[in-house]
Amino acid sequence: MYKDVRILKRTSRDGQETFVIQQKDFLFRRWWVDAWVNFNWFCQYTFDSIEEAMKHLCYYDGTRGSEIVVFEERHGSKK
């Protein structure tokens, strides 16, 4: 399940460029908002390069992580 996500190049008045990850708004699905608006307040969503922004898209597009048990020891279990 992937969320709608995009990267926006934002240029300030002094010419500084940043790349911002945006998502569709949580309530108003037609609006694009900076990712922090959708309850991601503590995540980085602004980057100095498009490459850095691309590396962090997985935190915003619904990509799931995985867990693998690499060791387990049980004592006293009966079959």
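The values are calculated or read from the model by the stated rules, or taken from the named source; none is laboratory data. Small disclaimer: the values here were computed from a predicted structure and weren't measured. So basically every Cβ, Gly included, is an ideal-geometry build from the backbone, and we count neighbours across all protein chains shown.
Condition first: among the polar types (S, T, N, Q) and in contact with a Ser or Thr (Cβ under 8 Å, 6 or more places away or on another chain). Can you find one or more residues in the range 32-49 that meet it?
Yes, that holds for at least one residue.
Write out, first by first residue and then by second, each pair whose Cβ atoms fall under 6 Å of each other, whose residues are 6+ apart or on separate chains, and whose first residue, in the range 18-43, is among the aromatic types (Phe, Trp, Tyr) while the second is part of a helix (DSSP H, G or I).
PHE19/ILE50; PHE19/ALA53; PHE26/ASN38
On the basis of being surrounded by fewer than 12 Cβ atoms within 10 Å (Cβ to Cβ) and not β-branched (Val, Ile, Thr), does PHE47 make the cut? Explain how you work it out, then say what you get.
Values: surrounded by fewer than 12 Cβ atoms within 10 Å (Cβ to Cβ): no; not β-branched (Val, Ile, Thr): yes.
The answer is no for PHE47.
Which residue pairs have Cβ atoms under 7 Å apart, sit 6 or more places apart or on different chains, and have a first residue in the range 48-75 that is of a type in the set (D, E, K, R) and a second that is not in a loop (DSSP other than H, G, I, E, B)?
The qualifying pairs are ASP48/THR18; ASP61/VAL5.
Can you pull out the residues in the range 50-79 that are among the polar types (S, T, N, Q) and either within 12 Å of ASP4 (Cα to Cα) or at pLDDT below 90 (or both)? Show your work before the answer.
Keep residues of the range 50-79 that are among the polar types (S, T, N, Q), which gives 63, 66, 77.
If the condition is that a residue be among the polar types (S, T, N, Q) and either within 12 Å of ASP4 (Cα to Cα) or at pLDDT below 90 (or both), then THR63, SER77 are the ones that fit.
Output the residues belonging to the range 54-74 that are of a type in the set (D, E, K, R), part of a loop (DSSP other than H, G, I, E, B) and surrounded by 10 or more Cβ atoms within 10 Å (Cβ to Cβ).
Once the filter is applied, which keeps residues that are of a type in the set (D, E, K, R), part of a loop (DSSP other than H, G, I, E, B) and surrounded by 10 or more Cβ atoms within 10 Å (Cβ to Cβ), the range 54-74 yields only ASP61.
Among the residues of the range 1-20, which ones are surrounded by 10 or more Cβ atoms within 10 Å (Cβ to Cβ) and aliphatic (A, V, I, L, M)?
Within the range 1-20, VAL5, ILE7, LEU8, VAL20 meet the criteria.
Restrict the check to the range 30-49 and report whether at least one residue is modelled with pLDDT of 90 or more and of a type in the set (S, T, N, Q).
Yes, the range 30-49 has at least one match.
Quick check, is PHE26 in a loop (DSSP other than H, G, I, E, B) and under 15 Å from VAL5 (Cα atoms)?
Details: in a loop (DSSP other than H, G, I, E, B): yes; under 15 Å from VAL5 (Cα atoms): yes.
It is true that PHE26 is in a loop (DSSP other than H, G, I, E, B) and under 15 Å from VAL5 (Cα atoms).
With the requirement that a residue be basic (Lys, Arg) and at pLDDT below 95, what does the range 1-29 give you?
Answer for the range 1-29, where residues must be basic (Lys, Arg) and at pLDDT below 95: LYS3, ARG6, LYS24, ARG29.
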